[in-house]
Every structure is written in C-alpha cells, then in structure tokens.
1. Does the range 187-199 contain at least one residue that is surrounded by fewer than 16 Cβ atoms within 10 Å (Cβ to Cβ), among the polar types (S, T, N, Q) and at pLDDT below 95?
2. Being surrounded by 22 or more Cβ atoms within 10 Å (Cβ to Cβ) and among the acidic types (Asp, Glu) is the filter here; which residues of the range 112-134 pass it?
3. Restricting the search to the range 135-167, which residues are surrounded by 13 or more Cβ atoms within 10 Å (Cβ to Cβ), over 14 Å from the mean Cα position of the chain (by Cα) and of a type in the set (A, V, I, L, M)?
4. Identify all residues within the range 18-36 that are buried (at least 21 other Cβ atoms within 10 Å of the Cβ) and in a helix (DSSP H, G or I); write none if there are none.
5. Which condition does GLU128 not pass, out of (1) of a type in the set (D, E, K, R); (2) out of contact with any helix residue (DSSP H, G or I) (no Cβ under 9 Å at 6 or more places or on another chain); (3) on the phi > 0 side of the Ramachandran plot, if it passes all the others?
6. Any residue at all in the range 69-83 that is of a type in the set (Gly, Ala, Ser), out of contact with any strand residue (DSSP E or B) (no Cβ under 8 Å at 6 or more places or on another chain) and either at pLDDT 95 or above or part of a helix (DSSP H, G or I) (or both)?
Amino acid sequence: MQLSPRLECALEAIDIANRADPNQEQVGEQWLPKEFAYSQHMTRWLFALEPEPSERLQIACRAQHIERWTMPRKDYPEGRKAYYQWRQACGRMHGRRAAEIMAGCGYPAEECQRVETILTKRELRQDEDTQLLEDVACMVFLERYFADFYEEKADYDRDKWLRIVRRTWGKMSPRGHEAALKLAEGMPAHLLELLQEALADPDV
C-alpha cells in the first residue's frame, strides 16, 4: 500500500515516539518497546476490520497509546473513579500529541482536530471513526492482553470478571462482535467459558 508523504511522516513520528518506551513486550521471538508493539497490533487489527481505512484512522490507531508510559496509572489514586480520570487524561494527551505530529507533517487543522476528537472518544457510538478505533482497541486487548490480565487479577471474583467482559462487549459494534467471536474460538478454555457465560445474559 502506497502511503502519502504526510501519512508516512506522521506514522514514522509516532513510531519514533513509541520506540522510546522503556518497557518491553515480547512479540514472537522479539522484545519490542511496549507501546510501539501495541501500536503495531492496533494497525494490524485496523486493517483486519477495515481493509481500506482512512489516513486519520491509521494515525489514530497508531497513536492510541502514544507515550502512555509518561502518564502511569500509579500517579492516580486507587478505585474506579480515579481509573476513569486517568483514562480520560491519557486520551486527551494522546489526542494532543497526535494532532501536534499531524500539524508538523502538513495536515490541515481540521484533520488534526478530527483525530484529536477520535482519540478522546468523546463521540463513541455517535461517530463511526471513534467506534472503529474502539473496536480495534478491544480486539487488541482480547488477543494480546486478556489472558495476562486474567492471571494478574486472579483475586477478582467471577461476578467482577463477568462485568469486565460485558463492559468490553458493550463498547463494540456488531462488526467488532463478529471478529471477537471468531477470535474467541482460539482462546484458552477458561477464557472462552467466561466469555460464553458473560454473553449468555439476555441483556448483553
């Protein structure tokens, strides 16, 4: 796929920023900077769900967690309210950084603002681009991080896990649901069972 010069500029700048992450993630036989690896997962799933995505979606997905390690969760208090405050602060930071990079690569102000809005997810459900970004993020979580998160939070009771799965499912579109169900076929048995139990609720 031939990239426009400004898209190539923006993606390269985001990659450079994310390669500075001091944290590492194993991908196959390689160890990569964690947020750089995450950005590659996001791009891969974007093209899996939407074979011809717009330039702004490619940038938004690549910048979904740009420089997130600079705003660690531990800087905020414990609890769900503080967690959402942290998530919102991260979204604003990611949007601002993506817009700055886009401006530097020659994108017009309205496109920069558009990507900033997508990354803050202020218009989830109402905006197709924001919804696609959320579908991609959910697929990356389910494929790459769900199993480890389950092990990390082994002290969570069953009801809490069901709520987590249902919240994730509730943020996704029918296109995302279809992809998630196909992905679930290859999940470990205990995660597949959890997903099936969560989705058995008629209100989900």
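1. yes
2. GLU116
3. If the condition is that a residue be surrounded by 13 or more Cβ atoms within 10 Å (Cβ to Cβ), over 14 Å from the mean Cα position of the chain (by Cα) and of a type in the set (A, V, I, L, M), then ALA147, LEU162, ILE164, VAL165 are the ones that fit.
4. Keep residues of the range 18-36 that are buried (at least 21 other Cβ atoms within 10 Å of the Cβ), which gives 18, 21, 35-36.
Result: ASN18, GLU35, PHE36.
5. The failed condition is (3).
6. From the range 69-83, those of a type in the set (Gly, Ala, Ser) are 79, 82; that's our starting set.
Subset that is out of contact with any strand residue (DSSP E or B) (no Cβ under 8 Å at 6 or more places or on another chain): 79, 82.
Imposing the further condition that a residue be either at pLDDT 95 or above or part of a helix (DSSP H, G or I) (or both) reduces the set to 82.
Within the range 69-83 (the criterion being of a type in the set (Gly, Ala, Ser), out of contact with any strand residue (DSSP E or B) (no Cβ under 8 Å at 6 or more places or on another chain) and either at pLDDT 95 or above or part of a helix (DSSP H, G or I) (or both)), the answer is yes, since at least one residue qualifies.
The values are calculated or read from the model by the stated rules, or taken from the named source; none is laboratory data. Just so it is clear, the model here is predicted, and its values are computed rather than measured. Glycine gets a Cβ as well: all are built from the backbone with ideal geometry, and neighbour counts include every protein chain shown.
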